[in-house]
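Below is one structure, written out as structure tokens; comments come after it.
The values are calculated or read from the model by the stated rules, or taken from the named source; none is laboratory data. Treat the numbers as computed from the prediction; the structure is a model and nothing was measured. Here the Cβ positions follow ideal geometry from the backbone for every residue, glycine too, while neighbour counts run over all protein chains shown. In case anyone asks, the SASA skips ligands and DNA or RNA and just uses the protein heavy atoms, side chains included. Shrake-Rupley method; radii C 1.70, N 1.55, O 1.52, S 1.80 Å.
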Amino acid sequence: MRGRGVGKSDVTAPSQFKDLVGHAAVIARLRATVSSGRLGPAYLLFGEPGIGKRTLATIWARLLQCEHPTGAPDSSEPCGTCRSCRQHDAGSHPDYSVLEPEDSSVVTIDQVRRLQDALPYRPITSARRVVLIPEAARLNPETSNALLKILEEPPTHAVFILVTAQRDRLLPTVLSRCQAVRCTAPSPEAVITHLTDALGLAAADARRLFAVAQGRIGPAIEAATNGEPTALSFDDVGAPDTISAPARLLDVAERVGKDQEALRALLAWLTLWLRDVLAWQAARDPARLLHRHRRTEVEWWAQRLTVDDVLAAASGVHALWIAGNRNLNPQLAAEVVLLHLSLRAGGSSR
């Protein structure tokens, strides 16, 4: 267990709900738990990776521990000036713990035991202790069972916030102890507007960056800030000479290898690409494309695929996305979806 431990991404992260993009329904629910006084012992925020779940959880933790929240109950925010908020800013809040991997790929049993030793003590500066577990899927069976023992009889002054993109990997007994809160990705329009208004990008650059980041606001903001994409790129799949060549597609699948996140990145890219193909078939309006700079290639796909082809391909991509946490072979899955698209879009019968 350790303190807040501010990482690079935390430095520029929003500190108030009003600065978040999307998540309006979830924010309303989290605010209501504070104003109603009916706060449960544990919550699970789950949803796709890179959509702002950790930032959402961090702001909620600040609000839970803030001494003087501002605004009405349905619009409350951490004040940013009280002792608790200043401690959060400094990364030294004594009543806020982040349980995440330190020197290994998983949370260790020693970390959970240190947490267990500290929890019985009353909070030092806040009304409650808050424990954030930002990568709950990295709890192995041993640490999950140790955490379960805490959640079965949690201290009345403690709140646990678990965050994950892989809900299926958590023990059912741990899930049963948490109130589940589903988080969904902000709309493309909301993300692109944020990139233009808040970060000063030109509209064309914002759309291109949105596509490069596979529609995920976290990687999009990071790419805008650092000047380079953070996710593995699969832009070459959209090129006619790639999608028409099975050998090249097998090379793309080999890039995926055994990496589940690489497979998810490919599936996210395909979803946005197929979305543009369908948009072109429906309206033939360049303004509606996320990949405006690749209009010629989008049009090539639209000429070779029927609307039913695109919908069927998108359905298959979605099915693979859902099955991604079920011991799927990433490279084999990539080969299947890419070769299937090649037969439809690049096959000689077309």
Query raised in the report: Relative contact order for the chain using alpha-carbon pairs under 8 Å, separation at least 6, rounded to a whole percent?
Result: 17
Query raised in the report: How far apart, in nm, are two points set 7 Å out from the Cα along the Cα-to-Cβ line at ARG292 and at THR196?
Result: 0.8
Report task. Divide by every residue of the chain the summed helix terms, -39500 (n - 2.57) for each DSSP H run of at least 4, and state the resulting mean residue ellipticity at 222 nm, rounded to the nearest 500 deg cm²/dmol. Result -> -15000 deg cm²/dmol
**Report entry** Summed side-chain charge close to ALA202 - residues other than ALA202 whose Cβ falls under 14 Å, Lys, Arg +1, Asp, Glu -1
**Finding:** +1
Query - Lys, Arg +1 and Asp, Glu -1 on Cβ, resulting dipole of region 152-223 about Cα centre, debye, nearest 20 - result: 200
Query raised in the report: Percent of accessible area on the chain owned by carbon and sulfur, 1.4 Å probe?
Result: 51
Report task. Could you state how much accessible area LYS53 has, in square angstrom rounded to the nearest 10, with a 1.4 Å probe and all protein chains kept in place? Result -> 20
Report task. Assign one of three labels to region 196-325, namely rounded, prolate or oblate, based on the Cα gyration tensor with a ≥ b ≥ c the square roots of its eigenvalues; rounded applies when a/c is under 1.5, prolate when it is not and a/b is larger than b/c, and oblate otherwise. Result -> oblate
Report task. Any chance you could count the Lys pairs in the chain whose alpha carbons are under 29 Å apart, treating pairs 8 or more apart or on different chains as valid? Result -> 6
Query - Projected label distance in nm at VAL106 and HIS318, using a 7 Å step from Cα toward the beta-carbon - result: 3.4
Report summary line: 1/(1 + (r/R0)^6) with r = Cβ-Cβ of ALA127 and GLN303, R0 = 45 Å, i.e. FRET efficiency to nearest 0.05, evaluates to 0.10
Query raised in the report: Put ARG129, ARG83 in order of accessible area, largest first, 1.4 Å probe: what do you get?
Result: ARG83, ARG129
Query raised in the report: Between rounded, prolate and oblate, where does region 112-215 land on the alpha carbon gyration tensor, with a ≥ b ≥ c its root eigenvalues, rounded for a/c under 1.5, else prolate if a/b exceeds b/c?
Result: prolate
Report task. Give the accessible surface of region 224-335 per residue, rounded to a whole number of Å², with probe radius 1.4 Å and ligands, DNA and RNA excluded. Result -> 49
Query raised in the report: Using a simple charge model, +1 on the beta-carbon of Lys and Arg, -1 on the beta-carbon of Asp and Glu, nothing else, what dipole does the chain show about its Cα centre, in debye to the nearest 20?
Result: 720
Query raised in the report: Separation of region 136-173 and region 83-131 by C-alpha centroid, Å?
Result: 15
Query raised in the report: So for SER35, SER342, what's the accessible-area order with a 1.4 Å probe, most first?
Result: SER35, SER342
Query raised in the report: Volume per residue, Å³, of the convex hull around the alpha-carbon atoms of region 21-126?
Result: 133
Report task. Take the Cα of ALA245, step 7 Å along the line toward its Cβ, and report every residue of region 299-334 whose backbone nitrogen sits under 18 Å from that point. Result -> 301
Query raised in the report: Rounded if a/c is under 1.5, else prolate if a/b beats b/c, else oblate: with a ≥ b ≥ c from the C-alpha gyration tensor eigenvalues square-rooted, which is region 69-148?
Result: prolate
Requested in this report: Please work out how much length the chain gains when fully extended from ASP117 to THR184, using 0.36 nm per residue of separation minus the C-alpha to C-alpha distance, in nm with one decimal.
Outcome: 20.6 nm
Report task. Could you work out the relative contact order of region 1-144, using alpha carbon pairs under 8 angstrom and six or more residues apart, expressed as a whole percent? Result -> 28
Query - By accessible area with a 1.4 Å probe, ligands and nucleic acids excluded, highest first: order of GLU48, GLU254 - result: GLU254, GLU48
Query raised in the report: Expressed as a whole number of Å, what is the distance separating the alpha-carbon centroids of region 11-82 and region 178-219?
Result: 19
Query - Which label in [x] 5, 23, 29, 22, 14, 6, 1, 0; [y] 5, 21, 24, 19, 16, 10, 5, 1; [z] 6, 27, 35, 23, 8, 1, 0 gives the computed P(r) over Cα pairs in 10 Å bins from 0, in percent - result: [x]
Query raised in the report: At ASP89 and ARG169, where each label point lies 7 Å from the Cα along Cα→Cβ, what is the point-to-point distance in nanometres?
Result: 3.5
Report summary line: Probe 1.4 Å, all chains present, heavy atoms only: SER76 accessible area in Å², nearest 10, is 10
